[in-house]
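Notes to accompany the following structure.
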Amino acid sequence: MTASQKTITIIGSLNTDLVTHTPRVPTGGETLTATSFSTGGGGKGANQAVACARLSRPRGSVSSDIAVKMVGGVGADEFGPPHIEAMKKDGIDTSGIRVVWGQTTGVAVILVETGSGENRILLNPGANYTLQPEDFLTSESLGTPKPDLIIMQLEIPLETVLQILKTAKQAGVNVLLNPAPAVRLPDEAYEAITHLILNETEAAILSGRSVEEVEADGFEWQGLAIEFLKKGVRNVVITLGAKGAYYATEERSGYVMAEKVEKVVDTTAAGDTFVGAYAVSIARKGGQEQIDDIVKFSCRAAGRTVERQGAQSAIPWADEVTGMAA
Ligand code: ADP
Ligand code: NA
C-alpha cells in the first residue's frame with residue numbers, strides 16, 4: 001500500500017454458485033437431465049470486492065489508487081481456495097480470508113428454469129457463518145491503518161454485522177451497508193451507517209412496509225428515505241432495477257435513470273456492481289456534493305453487468321464504463 005492509496009475493506013460472504021439450466025424444474029421424486037451446468041464465484045461480499053477492484057482500474061492493470069481487501073471465511077474444500085486465487089487475480093488483498101478446516105465453503109445451488117427464466121436458489125452459508133462478533137471488538141480488528149470505507153451485507157451472522165457497526169462507529173470508520181438479504185435492524189444500527197444502499201424489496205422490509213406498497217405506481221421514495229436519515233444514516237440510495245435509482249442526503253435528493261441496455265441477459269450482481277462503483281467513487285471523492293454524479297456512474301456500471309451472463313464474471317472494469325476516471 002502506498003501513502004496516497006485509499007483502502008476499501010469488504011467484510012462479508014464468499015460463495016460458489018452451482019448453476020444448472022433446465023427447461024422445467026423437477027417435482028418431488030423426479031430426476032431430470034439438465035441442459036447445462038456451470039460454477040462461478042459468488043456471494044455478495046466477494047462480488048462487491050470484485051466490483052470495487054475492477055471498477056478502480058482498467059482491465060489488465062495491477063496497480064490502482066484503491067486497495068481492496070476482503071475479510072471472510074471459506075472451507076478447506078474444492079471451492080474455497082480457487083475462489084481466493086481468482087480474487088487475487090483481480091488484485092484483491094485476500095489475506096483477511098480464512099480457510100476454515102471442517103467447514104464447507106458457502107454454496108448457492110441455483111436452478112434456472114429456461115422456460116420461465118425463474119431462478120430457484122438454495123443457499124448453504126457454511127464458513128460464512130464462522131465470522132463471530134468476538135472477532136471485531138477492537139478498532140485494530142478492522143485493519144491497520146484504518147480502512148477509508150468498510151462495506152458489509154447480511155450474508156454473515158447479523159450479530160457480527162451489528163458488532164462491526166458498533167466498533168466502526170467508535171473508531172470513526174465510514175460504513176456502507178447493503179442490507180441483503182433484508183431483515184429489520186435495531187434503531188442503533190442506523191447511527192453507524194454512512195451509506196445505506198438497498199433495493200426496493202429490502203427498503204420495504206427495513207422500513208416495515210409491504211413490497212406491494214413500495215412497488216405500486218407513483219410510490220414516493222422520499223418519505224421512506226427520510227425515515228432512514230432521521231435514524232442517523234447519512235446517505236440513502238435505493239436501487240430501482242430497470243427504473244434506475246433514488247438517492248437522498250440531508251442536503252439533496254433525486255432520481256437517476258438506469259442505463260439504456262440493448263439486451264438484458266442476466267441481472268445477477270447488478271446490485272453488487274452498483275455498490276462497488278459507488279464505493280470506489282466515494283473513497284476517491286468522499287463528498288455528498290458529487291452524489292448525483294456518483295449514482296449516475298453506479299447505474300452505468302450496473303448496466304454493463306446486466307448485459308452479461310453470471311455473477312462475478314459479468315462485472316466490468318473501469319475502462320468499460322464511461323466517466324468518473326481516477
Ligand atoms: P438488485 O440487483 O440488488 O436487486 P436492482 O435490481 O435495483 O438491485 O439493480 C441495481 C441496479 O442495476 C439498478 O439501480 C440499475 O442501475 C441496474 N439495473 C438493474 N436492472 C436493470 C435493467 N434491466 N436495465 C438497466 N439497468 C438495470
Ligand atoms: Na449479470
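The values are calculated or read from the model by the stated rules, or taken from the named source; none is laboratory data. Since the structure is predicted, the reported quantities are computational estimates derived from the model, not experimental observations. Ideal geometry is used to build each Cβ from the backbone, glycine not excepted, and the neighbour counts take in all protein chains shown. The area values use the complete protein model at the heavy-atom level, side chains included, leaving out ligands, DNA and RNA. Shrake-Rupley method; radii C 1.70, N 1.55, O 1.52, S 1.80 Å.
Exactly one residue out of VAL295, VAL233 is away from ligand 1 (no atom under 12 Å from the Cβ), more than 26 Å from ASN15 (Cβ to Cβ) and of a type outside the set (S, T, N, Q): that is VAL233. Among residues of region 223-235 being out of contact with any Phe, Trp or Tyr (no Cβ under 7 Å at 6 or more places or on another chain) and open to solvent by 20 Å² or more (accessible area, probe 1.4 Å), the one that is nearest to ligand 2 (Cβ to nearest atom) is ARG234. Among strands (runs of 3 or more DSSP E) entirely within region 1-47, having at least 2 residues that are more than 19 Å from the chain's Cα centre (by Cα) singles out 15-22, 36-42.
For (1) at negative phi; (2) within 11 Å of ligand 2 (Cβ to nearest atom); (3) over 11 Å from the mean Cα position of the chain (by Cα), each residue gets a yes or a no:
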residue: GLY271; (1), (2), (3): yes, yes, no
residue: PHE274; (1), (2), (3): yes, no, no
residue: SER281; (1), (2), (3): yes, no, yes
residue: LYS285; (1), (2), (3): yes, no, yes
residue: GLN288; (1), (2), (3): yes, no, yes
residue: ILE294; (1), (2), (3): yes, no, yes
residue: ALA301; (1), (2), (3): yes, no, yes
residue: GLN309; (1), (2), (3): yes, yes, yes
residue: ALA314; (1), (2), (3): yes, yes, yes
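Please specify each residue of region 279-292 satisfying the condition of being modelled with pLDDT of 90 or more and either within 10 Å of ligand 1 (Cβ to nearest atom) or farther than 14 Å from LEU55 by Cα (or both). If the condition is that a residue be modelled with pLDDT of 90 or more and either within 10 Å of ligand 1 (Cβ to nearest atom) or farther than 14 Å from LEU55 by Cα (or both), then GLN290, ILE291, ASP292 are the ones that fit. Residues in region 139-146: is at least one surrounded by 14 or more Cβ atoms within 10 Å (Cβ to Cβ) and either at positive phi or of a type in the set (A, V, I, L, M) (or both)? Yes, region 139-146 contains at least one residue that is surrounded by 14 or more Cβ atoms within 10 Å (Cβ to Cβ) and either at positive phi or of a type in the set (A, V, I, L, M) (or both). Annotation: ASP187 fulfils all but one of (1) open to solvent by less than 50 Å² (accessible area, probe 1.4 Å); (2) modelled with pLDDT of 95 or more; the unmet one is (1). A count restricted to region 236-267 and to residues that are under 22 Å from LEU206 (Cα atoms), within 15 Å of the chain's Cα centre (by Cα) and either among the basic types (Lys, Arg) or within 14 Å of ligand 2 (Cβ to nearest atom) (or both) stands at 1.
Which residue, of GLU220, GLU200, GLU212, is open to solvent by 60 Å² or more (accessible area, probe 1.4 Å), within 17 Å of GLY244 (Cα to Cα) and either modelled with pLDDT of 95 or more or not basic (Lys, Arg) (or both)? GLU220 is the lone residue from the list that is open to solvent by 60 Å² or more (accessible area, probe 1.4 Å), within 17 Å of GLY244 (Cα to Cα) and either modelled with pLDDT of 95 or more or not basic (Lys, Arg) (or both).
Evaluated against (1) of a type in the set (Lys, Arg); (2) open to solvent by 30 Å² or more (accessible area, probe 1.4 Å); (3) in contact with a Pro (Cβ under 8 Å, 6 or more places away or on another chain); (4) assigned to a helix (DSSP H, G or I), LYS69 falls short on exactly one condition, (4). Listed by first and then second residue, the pairs with beta-carbon distance under 6 Å, at least 6 apart or on different chains, first residue in region 57-76 and in contact (Cβ under 8 Å) with a residue 12 or more places away in the chain and within 19 Å of SER281 (Cβ to Cβ), second open to solvent by 60 Å² or more (accessible area, probe 1.4 Å) and aliphatic (A, V, I, L, M), are ASP65/ALA326; ALA67/MET1. The residues of region 72-97 that are closer than 14 Å to GLN48 by Cα, part of a strand (DSSP E or B) and open to solvent by 30 Å² or more (accessible area, probe 1.4 Å) amount to a single one, ASP93.
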